[in-house]
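Visitor: Submitted below is the structure of interest, expressed as structure tokens.
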Amino acid sequence: MSATRYTYLGPEGTFTEAALRTLPEAATRELIPMVSVPAALDAVRNGEAAAALVPIENSVEGGVTATLDELASGEPLMIYREVVLPIAFALLVRPGTKMSEIKTVTGHPVAQPQVRNWLRKHLPDALWESAASNADGARLVQEGRFDAAFAGEFAAATYGLEPLVTEIHDAQNAATRFVLVGRPARPAAPTGADKTSVVLWLGDDHPGALLELLQEFAVRGVNLMLIQSRPTGAGIGNYCFAVDAEGHVSDRRVGEALMGLKRICPKVRFLGSYPRAGVAVEDVRPLRAGTSDEEFTAASDWLARAQDGRA
């Protein structure tokens, strides 16, 4: 395995590359752009790279399905870190292009809902066609296949374009969450401000089936930060659920919730416990009474005494 190589959703100039470069270790790694999320993750699976950074959630569009589906299937991988990057788009054009000359635009499919209102107001007659990534859209403009692309302003220099308009976003404070994914290993030690990700499969479809899954978290005071259904491919109505929960797998409340889920789900895939981006320990919500490690330990000790006739 190449321990010095990281892959990411390319080509050069994507928001994913910008997010990757915020990691301190990126300065000492060889950063390799890949044509797709599956390609970036497969490079980790086959040992060509130590880790891959890929988008997993957008504050406007929700989960990035390509990433969720890849993590739920195939050879297991694990999340070790997350990066949250504020997102604002620039309208990139070939030098000298005027707004009135723009008839075709492109960008990543996730970008379109984030600029839809701006596009309707300023370029109502422009034809949109999706690109593999925002940077790839910039490349297509460079090649003359489109008149303009929505991408990061930083991509302009890479592709010989100029930003005609900057700071484009329909939703204020829009952001995308990226995850650094590697091969499975022991999770890093808990920080007190952590997140645990899993994928859960329902045993069978019956009234209250999803509620049964959620109760395993709720009764132990574990807050959920994301839950998204994804089709399993086994037919209409067959779903698995990608879940992000507050806490670390070594926390008693989280560990016992996962054990409960393993008992009732035909399949549970652990995707990792890792520090939450931009969240300090003092910002984490206080635990509900009865859900701290100390209280779980005290309850376990009481049960042991009861079993020994010492309660």
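The values are calculated or read from the model by the stated rules, or taken from the named source; none is laboratory data. Keep in mind that this is a model prediction, so the values were computed, not measured. A quick note on method: Cβ atoms are made from the backbone with ideal geometry, for glycine too, and the neighbour counts reach across all protein chains shown. These area figures cover heavy atoms from the full protein model, side chains too; ligands, DNA and RNA do not enter into them. Shrake-Rupley method; radii C 1.70, N 1.55, O 1.52, S 1.80 Å.
Visitor: Once ligands and nucleic acids are excluded and a 1.4 Å probe is used, how much of Arg120 is accessible, expressed in Å² to the nearest 10?
Guide: Accessible area, nearest 10 Å²: 140 Å².
Visitor: Can I ask one more? Among 150-157, 109-116, 185-192, what's the highest-first ranking by average C-beta atoms within 10 angstrom per residue?
Guide: Packing proxy ranking, top to bottom: 150-157, 109-116, 185-192.
Visitor: To make sure I understand the rule: partners must be lysines, Cα under 24 Å from the Cα of Lys121, and not fewer than 8 residues away in the same chain. Which ones qualify?
Guide: Straight-distance partners of Lys121: Lys98, Lys103.
Visitor: Mind putting a number on the dipole of the range 211-311 about its Cα centre? Charges go on the C-beta only, +1 for Lys and Arg and -1 for Asp and Glu, and I need it in Debye to the nearest 20.
Guide: With Lys and Arg at +1 and Asp and Glu at -1, about 400 debye.
Visitor: Same structure again: Would you tell me the accessible area of Thr176, worked out with a 1.4 angstrom probe on the heavy atoms of the protein chains, in Å² to the nearest 10?
Guide: 20
Visitor: Here is a further query. Across the range 82-89, in residue order, what do the Karplus-derived ³J(HN,Hα) couplings come to in whole Hz, using 6.51 cos²θ - 1.76 cosθ + 1.60 with θ = phi - 60° and x for Gly and Pro?
Guide: Running phi through 6.51 cos²θ - 1.76 cosθ + 1.60 with θ = phi - 60° gives 10, 10, 10, 10, x, 10, 9, 9 Hz.
Visitor: Follow-up. Rounded to the nearest percent, how much of the accessible area of the range 202-244 (1.4 Å probe, protein heavy atoms only) is carbon and sulfur?
Guide: Roughly 55 percent, rounded to a whole number.
Visitor: Can I ask one more? What part of the accessible area of the range 32-82, given as a whole %, is carbon or sulfur when the probe is 1.4 angstrom?
Guide: Summing carbon and sulfur atoms, their accessible area is 55 percent of the total for the range 32-82.
Visitor: May I ask you to list the aspartates and glutamates whose Cα is less than 15 Å away from that of Lys262, ignoring any residue fewer than eight positions away on the same chain?
Guide: Result set, ordered by chain and number: Asp204, Glu212, Glu216.
Visitor: Under a Cβ-only charge scheme (Lys and Arg +1, Asp and Glu -1), can you give me the dipole magnitude of the range 122-183 about the Cα centre, in debye to the nearest 20?
Guide: Roughly 440 debye, rounded to the nearest 20.
Visitor: Sticking with this one: For Gln215 and Ala27, calculate 0.36 nm times their separation in residues minus their Cα-Cα distance, and state this gained length in nm to one decimal.
Guide: 63.3 nm
Visitor: Rg and Dmax of the chain, Cα atoms, in Å?
Guide: Spelled out, the Cα radius of gyration and Dmax of the chain are 22.4, 86 Å.
Visitor: Relative contact order for the range 150-296: what is it in percent, counting Cα pairs under 8 Å that are at least 6 residues apart?
Guide: Relative contact order, the range 150-296: 31 percent.
Visitor: Which whole-number percent is the relative contact order of the chain (Cα, under 8 Å, 6+ apart)?
Guide: It rounds to 20 percent for the chain.
Visitor: Run the quick spin-label model on Ala289 and Ala171: label points 7 Å from Cα toward the beta carbon, then report their separation in nm to one decimal.
Guide: The modelled label-to-label distance comes out at 3.7 nm.
Visitor: Just read off the accessible area of Tyr274 with the full protein assembly in place, 1.4 Å probe, to the nearest 10 Å².
Guide: Only protein atoms counted, so the area is about 0 Å².
Visitor: While we're looking at this one, here's another question. Using modelled amide H (1.01 Å from N, peptide plane; none on Pro or chain starts), what sits under 5 Å from the amide H of Phe146, excluding residues fewer than 5 places away?
Guide: Distant-sequence amide H within range of Phe146: Val141.
Visitor: Once Lys and Arg get +1 and Asp and Glu get -1 on their Cβ, which of Asn58, Phe178, Leu211 lies farthest toward the positive end of the dipole of the chain?
Guide: Leu211
Visitor: Each residue of the range 185-193 in order: what ³J(HN,Hα) in whole Hz does its phi give by Karplus 6.51 cos²θ - 1.76 cosθ + 1.60, θ = phi - 60°, with x for Gly and Pro?
Guide: 7, 5, x, 4, 4, x, 9, x, 9
Visitor: Sticking with this one: Please tell me the relative contact order of the range 36-95 in percent, rounded to the nearest whole number, where contacts are Cα pairs under 8 Å and at least six residues apart.
Guide: The value is 25 percent.
Visitor: Would you work out the charge dipole size for the chain about its Cα centre, treating the Cβ of every Lys and Arg as +1 and the Cβ of every Asp and Glu as -1, and quote it to the nearest 20 debye?
Guide: Computed about the Cα centre, the dipole is about 220 debye.
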